[in-house]
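Engineer: One structure follows; several queries about it will come next.
The values are calculated or read from the model by the stated rules, or taken from the named source; none is laboratory data. It should be emphasised that the depicted structure is a prediction, and the values quoted were computed from it without experimental measurement. Please note: Cβ atoms are built from the backbone with ideal geometry, for glycine as well, and neighbour counts cover all protein chains shown.
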Amino acid sequence: MKYTYEQLAKMIDHSLLHPTLTDAEFEEGCQIAVQYGVAAVCIKPYAIPRAVELLRGTGVIVCAVIGFPHGNSCTESKRYETELACRDGATEIDMVINLGKALSGDWDYVERDVKAVCDEAHARGAKVKVILETDFLAGGGAGLSSDDLKRRLCQLCERAGADWVKTSTGYGFVKQPDGSYNYRGATEHDVALMRASVSSKVQVKAAGGVRDLDFLIRMRDLGATRCGASATVAILDEYRRREAAERAG
């Protein structure tokens, strides 16, 4: 295998963010995260105290979403959400930018919004991943092409103190030609673009549509260090199957 099991497992932020997730499903998800040795669970803020209890001593990080999923909370709300999340035990924060302000070209607002969360998290020993929600940027905005808009936002996030730039929430549903709503999430193009748009100080997280082992490996090849996934079991079980077949061969 090109990468070890641990290298790939420690790329995964196991996503437990579905709106209807029950307490039982949440606890089962935390158990899966421990069993498979992933990097983190990515969870809603109310669940942080319980996750801290379940994951203490396991090496799995507690990551909380802020301003999720559409980034529309005012800056002070995002900052306070971050304060509470860190107090409760989260050591990573995944925040969503204000998309309307980004598409309007209000760069100062977007940078201040991101910086407020980064400053609060860093003061409390936590790291921040900033979600661009690339599906909503596909048509460009603020007089910029889609790629130029994404580049500018990545650079803005780096100036604001982001530890990662992240593609998507997995909930950026856009109306499709047939009238249905769906999303693409992480793409090879966007991950490569984002990696090239920031310095080595900033990492890249791919999220949305990371459903199989080959795609996870491709994301790593392109420079992503984390991937958000709810298909953790299928991805890592497939690794074990391939690993066993190689040994048998």
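Engineer: Give region 134-162 a look and list any residue that's aliphatic (A, V, I, L, M) and either in a loop (DSSP other than H, G, I, E, B) or under 13 Å from residue 97 (Cβ atoms) (or both), or say none.
Structural biologist: First, the residues of region 134-162 that are aliphatic (A, V, I, L, M): 137-138, 142, 144, 149, 153, 156, 160, 162.
Passing the criteria: 137, 138, 142, 149, 153, 156, 160, 162.
Engineer: Does residue 100 satisfy the condition of being under 30 Å from residue 145 (Cα atoms), at pLDDT 95 or above, buried (at least 16 other Cβ atoms within 10 Å of the Cβ) and not aliphatic (A, V, I, L, M)? Outline the logic, then answer.
Structural biologist: Working: under 30 Å from residue 145 (Cα atoms): yes; at pLDDT 95 or above: yes; buried (at least 16 other Cβ atoms within 10 Å of the Cβ): no; not aliphatic (A, V, I, L, M): yes.
No; evaluated as a whole, the condition is false for this residue.
Engineer: Do you know which residues across region 228-249 are touching a Leu at 6+ places or on another chain (Cβ under 6 Å) and buried (at least 19 other Cβ atoms within 10 Å of the Cβ)? Walk me through it before giving the result.
Structural biologist: Going residue by residue through region 228-249, those that are touching a Leu at 6+ places or on another chain (Cβ under 6 Å) are 235, 238-239.
Selection gives 235, 239.
Engineer: Check 2, 10 and return the single one that is among the basic types (Lys, Arg), at pLDDT 95 or above and closer than 30 Å to residue 248 by Cα. If you could, list the steps in order and put the result at the bottom.
Structural biologist: Values: 2 fails: at pLDDT 95 or above.
Sole residue among the options that is among the basic types (Lys, Arg), at pLDDT 95 or above and closer than 30 Å to residue 248 by Cα: 10.
Engineer: Scanning region 111-131 for residues that are part of a helix (DSSP H, G or I) and among the small types (Gly, Ala, Ser), which turns out surrounded by the most Cβ atoms within 10 Å (Cβ to Cβ)? It would help to see each step written out before you state the result.
Structural biologist: Taking region 111-131 and keeping what is part of a helix (DSSP H, G or I), we get 111-123.
Those still in the list that are among the small types (Gly, Ala, Ser) too: 116, 121, 123.
Numbers: 116: 20, 121: 27, 123: 11.
Filtering first and then ranking leaves 121.
Engineer: Within region 48-75, track down each residue that is surrounded by fewer than 23 Cβ atoms within 10 Å (Cβ to Cβ) and in a helix (DSSP H, G or I).
Structural biologist: Selection gives 48, 49, 50, 52, 53, 54, 55, 75.
Engineer: Is it the case that residue 31 is out of contact with any Cys (no Cβ under 7 Å at 6 or more places or on another chain), touching a residue at least 12 places away in the same chain (Cβ under 8 Å) and not in a loop (DSSP other than H, G, I, E, B)? It would help to see each step written out before you state the result.
Structural biologist: Working: out of contact with any Cys (no Cβ under 7 Å at 6 or more places or on another chain): yes; touching a residue at least 12 places away in the same chain (Cβ under 8 Å): yes; not in a loop (DSSP other than H, G, I, E, B): yes.
So residue 31 passes the test.
Engineer: If you take just the helices (runs of 4 or more DSSP H) that sit entirely in region 163-249, which of them hold at least 3 residues that are out of contact with any Cys (no Cβ under 6 Å at 6 or more places or on another chain) and within 25 Å of residue 34 (Cβ to Cβ)? Spell out how you get there, then give the answer.
Structural biologist: Numbers: elements: 188-197, 213-221, 232-248.
Ranges flagged: 213-221, 232-248.
Engineer: Looking at 91, 82, 134, can you tell me which residue is buried (at least 24 other Cβ atoms within 10 Å of the Cβ), under 15 Å from the mean Cα position of the chain (by Cα) and either on the phi < 0 side of the Ramachandran plot or modelled with pLDDT under 95 (or both)?
Structural biologist: Numbers: 91 fails: buried (at least 24 other Cβ atoms within 10 Å of the Cβ); 82 fails: under 15 Å from the mean Cα position of the chain (by Cα).
Sole residue among the options that is buried (at least 24 other Cβ atoms within 10 Å of the Cβ), under 15 Å from the mean Cα position of the chain (by Cα) and either on the phi < 0 side of the Ramachandran plot or modelled with pLDDT under 95 (or both): 134.
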